[in-house]
1. Considering only residues that are farther than 30 Å from residue 407 by Cα and touching a Ser or Thr at 6+ places or on another chain (Cβ under 6 Å), which ones fall in region 420-469?
2. Within region 472-484, identify whether any single residue is crowded, with 20+ Cβ neighbours inside 10 Å and in contact (Cβ under 8 Å) with a residue 40 or more places away in the chain, and answer yes or no.
3. Those residues that are open to solvent by 40 Å² or more (accessible area, probe 1.4 Å), modelled with pLDDT under 90 and not in a loop (DSSP other than H, G, I, E, B), I need them from region 337-368; list them, please.
4. Can you find, within region 510-527, the residue that is most open to solvent (accessible area, probe 1.4 Å) among those that are touching a Cys at 6+ places or on another chain (Cβ under 7 Å) and not hydrophobic (A, V, I, L, M, F, W, C)?
5. Being more than 38 Å from the chain's Cα centre (by Cα), open to solvent by less than 20 Å² (accessible area, probe 1.4 Å), more than 18 Å from residue 425 (Cβ to Cβ) and among the polar types (S, T, N, Q) is true for just one of 380, 371. Which residue is that?
6. Of the residues that make up region 475-489, is at least one within 26 Å of residue 377 (Cβ to Cβ), in a helix (DSSP H, G or I) and of a type outside the set (A, V, I, L, M)?
7. When you check residue 97 against the structure, is it touching an Asp or Glu at 6+ places or on another chain (Cβ under 7 Å) and either in a helix (DSSP H, G or I) or open to solvent by 40 Å² or more (accessible area, probe 1.4 Å) (or both), yes or no?
8. Collect the residues in region 225-250 that are open to solvent by 100 Å² or more (accessible area, probe 1.4 Å) and either within 18 Å of residue 199 (Cα to Cα) or modelled with pLDDT under 75 (or both), keeping them in residue-number order.
Amino acid sequence: MFAKLRSILEIPDNKYTVRQISCWLWKVLQGNRLQAVLNAGIGLLGVGLGLVSVWAMQRAIDTASGVRDGSILWAVGVMALLILGEFALGISRVWIRNILGVKAQNRMQQHILARLLRSEWRGREAMHSGDVINRLEDDVKTVVTFLTETLPSTLSTVAMFVGAFIYLFRMDIWLAVITVGILPLFISVSRIYMVYMRRYSRRVRDCDSLVQALLTETMQHRMLVKTMEADQQMLERLDAIQTILHSWVRKRTIFSVGSNFFLNVGFSLGYLVAFLWGAFRLSAGTLTFGGMTAFLQLVSRIQGPARDLSRLLPAFVSVFTAAERLMELAEIPEEEQGDALLLSAPCGICFERVTFSYGAPGQQPVLQDATFDFPPGTCTAILGETGSGKTTLIRLLLALVRPQQGRIVIYSGLDKKVGEEQLLSPLHRCNFVYVPQGNTLLSGTLRENLFLGNPHATDEQMHEALRLACVDFVDALPDGLDATFTEQGGGLSEGQAQRIAIARALLRPGSIMLLDEATSALDTETERKVLENILREKQRTVIFVTHRTAVVDYCDHAITFS
């Protein structure tokens with residue numbers, strides 16, 4: 001029947017089933033059990049205090065009206081203690097949310113980021129970095145909040161409903177039955193609500209990611225935007241995406257408001273019926289003033305959880321949407337994992353009839369039947385025009401991508417035939433020292449940037465690497481190794497940033513050095529000094545990807561890509 005209704009209403013299928021998402025959420029919950037259990041326990045204590053408060057209020061009113069014997073002061077004192085107990089539970093909730101909640105979010109972000117960093121590199125990324133950041137921030141928060149706060153509160157909500165219903169049932173059977181009579185309708189409507197809201201929420205979250213992506217790119221390339229005088233173009237693109245976002249938010253809001261209005265009308269009618277029923281009994285003398293107050297309190301505590309459940313529906317929709325988006329990140333295949341395989345220096349590397357293509361089978365490959373050797377301790381220049389395959393060569397060397405045909409072998413020893421030989425894998429990446437082209441410095445101190453090359457490097461090792469890279473301006477910096485840079489080494493010239501990147505790479509223990517246009521921003525004399533320092537001891541196998549033919553003079557071999 002529900003499948004037929006989906007067809008009539010043209011409700012689209014989702015990528016993951018409810019079962020798949022629920023299983024994924026259950027696994028995530030296992031790492032946050034402490035906070036969930038504490039919140040559930042506090043919620044159940046709150047339910048107990050709430051029901052006892054109804055009893056205490058009924059007793060106090062009946063005592064004050066003379067229906068029941070006892071001390072009014074004692075009755076009010078009990079109510080005061082219950083109120084203090086509820087205050088204490090409220091403080092506990094805030095403490096758990098602020099302390100354990102942040103730790104849970106941090107833990108999940110670290111787990112997903114680690115998973116992304118271990119995943120396979122793909123030349124044509126399906127997701128924009130701004131979209132990924134949006135998922136790591138907003139979607140992680142949504143999932144953690146739901147599992148550690150919303151889900152435990154659902155347990156206490158159900159407990160409050162059951163407890164209040166039993167209490168009311170003992171006082172008046174028919175009123176209890178009438179009060180919960182709306183639930184079957186509520187349950188049937190909620191299924192349709194969930195499906196539609198999942199669709200709307202997914203569209204809103206995807207548009208949020210597009211906004212994040214555009215803002216990220218605009219800030220990363222603000223110099224380009226400024227110099228191209230493209231300010232208005234970027235604003236127009238942002239406005240177009242925001243207009244789509246506004247449209248989906250509007251549709252979601254209209255549907256949500258309409259659904260809430262329908263449910264609230266039902267709840268209000270139920271409350272009026274309960275009030276009228278209690279008024280008739282009060283006028284007939286079959287109900288005390290305290291009983292009337294308890295009636296209304298219990299009806300509220302039955303309808304209150306029902307209202308809370310209706311408010312929980314958007315939370316369920318949001319977490320299902322967030323879970324889908326995070327599950328998509330986990331679909332990216334993971335690289336081979338294990339202990340790093342560091343070979344004795346110097347190492348060599350050999351391509352044996354390697355063919356590689358980024359596209360589908362049958363598409364023109366970037367490299368085809370390529371065979372060449374980089375012997376240990378030698379320096380090889382890789383020359384060629386843009387698009388000839390030089391960048392692909394680097395990705396293959398670093399095991400970021402795998403050849404479709406042929407093999408790549410890494411070996412130690414001057415003679416490949418008698419030395420140690422292994423098929424190249426991501427576990428061999430520790431043997432490589434890579435200096436990418438462009439400015440790759442991170443915000444932070446000079447020391448923190450150098451630690452990326454070797455987190456255990458001493459000050460002496462850092463200064464030696466800086467000397468080899470001709471970073472002679474460090475001593476002029478006010479704080480030396482602790483000098484702070486902004487994003488992409490703000491305040492440094494391109495040549496200075498490039499030399500620091502070379503020094504950072506020299507701190508790595510690998511014996512195969514890949515230089516991708518690593519001296520393009522250096523003047524001729526500085527480039528000569530840096531290359532002489534690197535090549536002097538012949539302890540590294542150097543592969544120099546460059547457009548500058550002058551570099552060939554420092555190399556033992558040259559390979560030209562066409």
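1. 443, 445
2. Scanning region 472-484, I find no residue that is crowded, with 20+ Cβ neighbours inside 10 Å and in contact (Cβ under 8 Å) with a residue 40 or more places away in the chain, so the answer is no.
3. Residue satisfying the conditions is 368 alone.
4. Ranking the candidates gives 526 first.
5. Values: 371 fails: open to solvent by less than 20 Å² (accessible area, probe 1.4 Å).
Only one candidate qualifies: 380.
6. No.
7. Spelling it out, residue 97 is indeed touching an Asp or Glu at 6+ places or on another chain (Cβ under 7 Å) and either in a helix (DSSP H, G or I) or open to solvent by 40 Å² or more (accessible area, probe 1.4 Å) (or both).
8. 226, 228, 229, 246, 250
The values are calculated or read from the model by the stated rules, or taken from the named source; none is laboratory data. Computed from a predicted structure; not experimentally measured. Here the Cβ is made from the backbone with ideal geometry for all residues, glycine too, and neighbour counts use every protein chain on show. These area figures cover heavy atoms from the full protein model, side chains too; ligands, DNA and RNA do not enter into them. Shrake-Rupley method; radii C 1.70, N 1.55, O 1.52, S 1.80 Å.
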